[in-house]
1. Against the definition (on the phi > 0 side of the Ramachandran plot and either among the β-branched types (V, I, T) or modelled with pLDDT under 95 (or both)), how does G34 come out, yes or no?
2. Every residue in the range 36-63 that is outside any helix (DSSP H, G or I) and open to solvent by less than 60 Å² (accessible area, probe 1.4 Å), please.
3. Condition first: assigned to a helix (DSSP H, G or I) and over 13 Å from the mean Cα position of the chain (by Cα). Now tell me which residues in the range 14-35 satisfy that.
4. With the checklist (1) open to solvent by less than 100 Å² (accessible area, probe 1.4 Å); (2) modelled with pLDDT under 95 in hand, flag the one item D6 doesn't pass.
5. Among what's in the range 64-84 and is charged (D, E, K, R) and out of contact with any Phe, Trp or Tyr (no Cβ under 8 Å at 6 or more places or on another chain), pick the residue that is least open to solvent (accessible area, probe 1.4 Å).
Amino acid sequence: MTDRTDLGETGIDAQKRAALDHLYDAWAEATTEGVDSDVFVHAALFVALAEMVETYGEVAVAELAASLPTRIQSGEFTVRRLYQ
């Protein structure tokens, strides 16, 4: 894995990138072991939402979820991964 400080990332940005890298690695491993991508996606969303509810509560997470259609359509979650 590339040292993110070499790319000018520090602090929270580096942690976010590292977290994404771990998730992509887990996804790749799961699909290699035969887990369907759709199943993995639903499981990951469940874990993420459950953790957020635990941390922030149902109301805050419901408000976040209500904002998702606009955010998704505006491209906020469109990730273009670089492959080297």
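The values are calculated or read from the model by the stated rules, or taken from the named source; none is laboratory data. Remember, predicted model here, so these are calculated numbers, not experimental data. Note that each Cβ is placed from the backbone with ideal geometry, even for glycine, and that neighbours are counted across all protein chains shown. The area values use the complete protein model at the heavy-atom level, side chains included, leaving out ligands, DNA and RNA. Shrake-Rupley method; radii C 1.70, N 1.55, O 1.52, S 1.80 Å.
1. On the way: on the phi > 0 side of the Ramachandran plot: yes; either among the β-branched types (V, I, T) or modelled with pLDDT under 95 (or both): no.
Against the criterion (on the phi > 0 side of the Ramachandran plot and either among the β-branched types (V, I, T) or modelled with pLDDT under 95 (or both)), G34 does not qualify.
2. Result: G57, single match.
3. Going through the range 14-35, the residues assigned to a helix (DSSP H, G or I) turn out to be 14-32.
Correct list: A14, A28, E29, A30, T31, T32.
4. Result: D6 fails condition (1) only.
5. At the first step, the residues of the range 64-84 found to be charged (D, E, K, R) are 71, 76, 80-81.
With the extra rule that they be out of contact with any Phe, Trp or Tyr (no Cβ under 8 Å at 6 or more places or on another chain), the set shrinks to 76, 80.
On the way: E76: 101, R80: 189 Å².
By that ranking, first place goes to E76.
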